[in-house]
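Structure first, then comments.
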Amino acid sequence: MTKALEGVLGPVVTTFDEASGDLAAVPFRANVRSHLEAGLTGVVVSGSTGEAALLEEHERHRLLEWARAIVPDDRWLIAGIGAESTRLTIRRAREAAERGADAALVVAPHYYGAQMTPEALASHFRQVADESPLPLILYNIPKYVHFPLAPGLVRELSTHGNVVGIKDSSGDLTQLGAYLSSQSDRFTVLTGSGGGLYPALEMGARGGILAVGLFAAPLAVGLCRSFANGDMAAAGRAQERLIPVARSVVGELGVAGVKAALDLVGLAGGRVRSPLLPLRGAARERVAELLLTAGLSRAA
């Protein structure tokens, strides 16, 4: 790889037209530009925060094309490609490569959860890695998949020449530590937990793919930079301010919370796609209060 997989990457939201519900290009492009200007080392398109499960295939393509026109070569453009079938996952990898993605983030199949044994998952990921024109980043997110990727499986896959890392969104430092035992010059461990960024870096993770980094970039990026510069006190202070917004806005309120936060800091969140519901009333006021306390809102 010609660029390091490190720092804060943003799993960008998908913006929708308020009237039609179709993709909205202008706010999407504006967000990506703002994220990069804020110091993110790359973006993930069609990830969990991007409502990937609710997107049509042509929409995935369009989002990648829009992002590729903006993301420079020294930053990462990563495509979420996970699907329930190995066949569709491989097809999505090829289609993402055709549209200029640098790497692919791959969540495990999980609908047939009881049958997703280590053997089944190893076979799935190996087939995708063998046939994907893009390097793969494994994605551990038990919150949605309802099982973790076993450390032994990750260790096995980390030796594959086309598997370059893992994003761990479990929020479990023991789990993260088990994955870190597989980290090498060519296999990178990233956290997906903004509330645990500092301890993840302390344990050896090289950065994170963080939804909180979309609306709290000054804190997340600043934390990573302070840590890299050896200013642990500053990194610790940034982590203390990140924890409440990461835990409540991202962890509890999900995509609707992230989109509300983006609106409140002057970026574009907008509507969520049904069956998700937008934040209203007290929940939206809570987000505003959390941002204000963290020093992130425009009124701060």
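Worth pointing out:
- The Ala233 and Glu37 beta-carbon pair, evaluated with R₀ = 30 Å, returns a calculated FRET efficiency of approximately 0.65.
- Tyr198, Tyr144 arranged by Cβ crowding within 10 Å, fewest neighbours leading: Tyr144, Tyr198
- Under 20 Å from the Ala122 label point (7 Å along Cα→beta-carbon), backbone N, the range 161-193: 161-166, 178-184, 187
- Lys, Arg +1 and Asp, Glu -1 on Cβ, resulting dipole of the range 7-215 about Cα centre, debye, nearest 20: 240
- Dipole of the range 245-300 [Lys/Arg +1, Asp/Glu -1 at C-beta], most positive-end residue of Leu276, Val258, Ser297: Leu276
- Across the range 7-215, counting alpha-carbon atoms alone, Rg and Dmax equal 16.0, 49 Å.
- Per-pair calculated FRET efficiency, R0 = 22 Å: Gln115 and Glu56 via Cβ, rounded to 0.05: 0.25
- Under 5 Å, built H, 5+ apart or other chain: amide partners of Tyr139: Val106, Ala108, Lys167
- Model label points for Arg91 and Ala288, set 7 angstrom from Cα along the Cα-to-Cβ axis, are 4.5 nm apart.
- Antiparallel bridges, percent of DSSP beta bridges restricted to the chain (to nearest 5): 5
- Dividing the summed -39500 (n - 2.57) terms of all DSSP H runs of n ≥ 4 by the residue count of the chain sets its mean residue ellipticity at 222 nm at -13000 deg cm²/dmol.
- Ranking of Leu121, Leu190, Leu276 by neighbouring Cβ atoms within 10 Å, starting from the fewest: Leu276, Leu121, Leu190.
Laboratory data are not the source of any read-out in this text; all were calculated from the coordinates shown. Since we're looking at a predicted model, the values are computed, not measured. Backbone-built Cβ (ideal geometry, glycine too); neighbour counts: all protein chains shown.
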